[in-house]
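Asks: Okay, handing you the structure first.
Rule-based calculations on the coordinates, nothing more; no lab input. Keep in mind the model is a prediction, meaning the values are calculated, not measured. Using ideal geometry, Cβ is built from the backbone for each residue, glycine included, and neighbour counts are taken over all protein chains shown.
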Amino acid sequence: MDTTASEIKGYDYGKTAVSPVSLQELELLKATVLFTAADEENLRKAGDVLTEQAEAVIDIWYELVGSHPHLLFYFSKNNMANLEYLTAVRKRFVQWVKDICHRPFDQTWLNYQYEIALRHHKIKKNKTDEIEAAPFVHYRYIITFIYPITATIKPLLAKKGHTPEEVEAMHQAWFKAVVLTATLMTYPYVRAGEF
């Protein structure tokens, strides 16, 4: 599946509302997670490795979701997985892997993280694909999914002949970036003024 970003339904990068999180707040979050210029470089390097394996990455994550009914629930209606929904989300998830590694963490990126957050919350869940499924993703799974999204990446990062130290540096950069995005995804779940 070699889809360009412009062909992905619902991929509205650069066309979304402005995030309520400011760039200054993003910089503080980056400082808190210890995301440095070296991490940015290592994240780009990870992207060079992961981009060509993005489908395999999503296969791993979808297998995980599919093997846990409580996670598959969010792609289901009446306890039946919606394959149309899974397919649509998959294309955006592949693009997310590329974006997290290669896009600058600027205002456009920050805005799109907010759009992703809204699409997990009852505010916009299911609307992009006009699908009937679970009305929102529970907050607890956004946070706990950080671990599998991080742990499953490391073996893939090692497939291009990088040294163990390079793989570890790429993995740590990925981990920090995932924590940042997951944190930003929680914005709609937190009461105004408490984020």
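Asks: Just want to confirm a number: the relative contact order over the chain, from Cα pairs under 8 angstrom separated by 6+ residues, in percent. Mind dumping the intermediate values first?
Replies: Numbers: 196 pairs, mean separation 64.5, N = 195.
Relative contact order, the chain: 33 percent.
Asks: Please compute the length gained on full extension between K15 and Y187, using 0.36 nm multiplied by the number of residues separating them and subtracting their Cα-Cα distance.
Replies: On the way: separation 172, 0.36 × 172 = 61.92 nm, distance 1.92 nm.
Length gained, K15 through Y187: 60.0 nm.
Asks: Something else about it: Using 0.36 nm times the number of residues separating D106 and L83, minus their current alpha carbon distance, what extension gain do you get?
Replies: Values: separation 23, 0.36 × 23 = 8.28 nm, distance 3.34 nm.
The span from D106 to L83 would gain 4.9 nm if fully extended.
Asks: Okay, moving on. Place a point 7 Å from Cα of H70 in the direction of its Cβ. Which residues in the range 124-140 have their backbone N less than 19 Å from it?
Replies: Hits in the range 124-140 for H70 at 19 Å: 134-140.
Asks: Considering only DSSP states other than H, G, I, E and B, which GluC sites (Glu not before Pro) in the range 86-195 qualify as loop sites with at most 13 other Cβ atoms within 10 Å? Mind showing how you got there, number by number?
Replies: Details: sites: E115, E130, E132, E165, E166, E168, E194; in loops: E130, E132, E194.
Taking the range 86-195 and a limit of 13 other Cβ atoms within 10 Å, the loop GluC sites (Glu not before Pro) found are E130, E132, E194.
Asks: Under 5 Å between amide hydrogens, which residues at least 5 positions from K77 or on another chain qualify, with H placed 1.01 Å from N in the peptide plane?
Replies: Long-range HN contacts for K77: N82.
Asks: Output ³J(HN,Hα) for the range 68-74: one whole-Hz value per residue in order, computed from phi by the Karplus curve 6.51 cos²θ - 1.76 cosθ + 1.60 with θ = phi - 60°, and x for Gly and Pro.
Replies: Working through the residues one at a time gives 10, x, 5, 8, 4, 3, 6 Hz.
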